[in-house]
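Chemist: Take a look at the following structure, please.
Computed from the coordinates by the stated procedures, all read-outs in this text should not be read as laboratory data. Please read these numbers as outputs of a predicted model, since none were measured by experiment. All Cβ positions, even for glycine, are placed from backbone atoms using ideal geometry, and neighbour counts span all protein chains on display.
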Amino acid sequence: MESNRRFLQFFDKDEYEKLVPESDEQKKKPFPLFQKDFGQDTKLIDLIPPEEFEIGGKSFLDVVNRRISRRNYTDEALNLEELSFLLWCTQGVKKTFKDKAGVLRTVPSAGAKSPFETYLIINRVEGVEPGLYRYISFTHKLFFIKSIEDAERKISELTYDQKFVGKGAVIFCWVAIPYRTEWRYTILAHKFIAVDLGHVSENLYLACEAIDLGTVAIGYYEQKKFDTMLEIDGKDEFVVLVAPVGKRPIL
């Protein structure tokens, strides 16, 4: 276990100069795209734009003080504004650099390299067909990928039989594309990706609390099977965190 702790540490200057290789950025290699392609003829689902949100007006201190992990959800559906709000708060695009080598989102990211794609398993959202989706953040839209038969059971099984995970109205699945960060930070990238993931996850917690929803971050899942279900290769892109979201029971 102790050897694995090195991942959490940084280098002293002499180590850095000795061990950190030249980056692809320094080699003048093209920077990676910050959004996966989805095909120009693909029909996308419009989300509610952030300037039209009428929810989420709680005070910051109230949200922070009330935030907890919530594992109990009702059978109610989310509405499209609620889903739009959560997606904007976790991966919304505010600005792209003029040279297109970085993107500023609603969450911080090392070097503005933004290594994540947001996949969603939608069980219950008003007006949206259940199934697997990807958030197209640059245009704030949804891309339908496929239907998932018996999704609640499958998700529960793939998260080590945590049955509440599959019961979420929506299950957020964050997928890392490490090269976006490796392009600049080489062997340092993976610590930074982990830090970035914490920022994204906490924004989901706070956004849920602001609109009376519940969520909890799930790190226990069957990696290969989950990657296969999302139709990603498990090498250059893979699931790094899962989070169910649902309506909270009224106590």
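Chemist: Scan around residue 238 for amide H atoms under 5 Å from its own, H built in the peptide plane at 1.01 Å from N, and keep only partners 5 or more places away or cross-chain.
Modeler: Placed amide hydrogens put 176 under 5 Å from residue 238.
Chemist: Using modelled backbone amide H atoms (1.01 Å from N, in-plane), which distant-in-sequence or interchain residues come within less than 5 Å of residue 246's amide H?
Modeler: 169, 214
Chemist: If the viscosity is 1.002 mPa s and the temperature 20 °C, what Stokes-Einstein diffusion coefficient in µm²/s follows for region 18-82 when Rh is the Kirkwood radius over Cα pairs?
Modeler: Values: Rh = 18.1 Å.
After rounding, the answer is 118 µm²/s.
Chemist: Same structure, new question: Return P(r) of region 184-243 (all Cα-Cα pairs; 10 Å bins starting at 0; whole %; ordered from short to long distances).
Modeler: Going from the shortest bin to the longest, the percentages are 20, 39, 34, 7, 0.
Chemist: As an exercise, use a Förster radius of 25 Å and the Cβ-Cβ distance of residue 146 and residue 74 to find the FRET efficiency, rounded to the nearest 0.05. The partial results should precede the final answer.
Modeler: Numbers: r = 26 Å, r/R0 = 1.06.
Efficiency, rounded to the nearest 0.05: 0.40.
Chemist: Just the number, please: Stokes-Einstein D of region 137-251 in µm²/s, Kirkwood Rh from C-alpha pairs, 37 °C, 0.692 mPa s. Mind showing how you got there, number by number?
Modeler: Details: Rh = 15.5 Å.
For these conditions, the coefficient is 212 µm²/s.
Chemist: In addition: For the pair residue 5/residue 199, report the inter-label distance in nm, with labels modelled 7 Å from Cα in the Cβ direction.
Modeler: With each label point 7 Å from Cα toward Cβ, the separation is 2.7 nm.
Chemist: Roughly speaking, what is the centre-to-centre gap between region 164-190 and region 199-226 when only Cα atoms are used, to the nearest Å?
Modeler: Taking the Cα centre of each part, region 164-190 and region 199-226 sit 12 Å apart.
Chemist: Would you look at the GNM of the chain, springs on alpha carbons closer than 10 Å, and say which of 88, 174, 183 moves the most?
Modeler: Answer for the Gaussian network model of the chain: 183.
Chemist: Next question. What's the long-distance tail for region 86-206, i.e. % of Cα pairs beyond 17 Å? Mind showing how you got there, number by number?
Modeler: Numbers: 4373 of 7260 pairs.
Here the tail beyond 17 Å accounts for 60 percent of pairs.
Chemist: Just the number, please: Stokes-Einstein D of region 86-155 in µm²/s, Kirkwood Rh from C-alpha pairs, 20 °C, 1.002 mPa s.
Modeler: Numbers: Rh = 13.5 Å.
Calculated translational D: 158 µm²/s.
Chemist: What is the calculated FRET efficiency for residue 233 to residue 66, with r their C-beta to C-beta distance and R₀ = 41 Å, to the nearest 0.05? Don't skip to the end; give the middle numbers.
Modeler: Numbers: r = 39 Å, r/R0 = 0.96.
With R0 = 41 Å, the Cβ-Cβ based efficiency is 0.55.
Chemist: Considering only DSSP beta bridges with both partners in the chain, what is the antiparallel share in %, to the nearest 5?
Modeler: Values: 34 of 35 bridges.
Looking only at bridges with both residues in the chain, the antiparallel portion is about 95 percent.
Chemist: Using only C-alpha positions, report the orientation-averaged shadow area of the convex hull of the chain, nm², one decimal.
Modeler: Working: hull surface 62.8 nm².
Averaged projected area of the chain's Cα convex hull equals 15.7 nm².
Chemist: Follow-up. Which value, in Å to one decimal place, does the Kirkwood hydrodynamic radius take for region 24-147 when every pair of different Cα atoms is included? Each step should come with its number before you reach the end.
Modeler: Numbers: mean 1/r = 0.0603 Å⁻¹.
For region 24-147, inverting the mean 1/r across all distinct Cα pairs yields 16.6 Å.
Chemist: Quick one: which residues, 5 or more positions from residue 105 or on another chain, have an amide H under 5 Å from its amide H? H modelled 1.01 Å from N in the peptide plane, none for Pro or chain starts.
Modeler: 94
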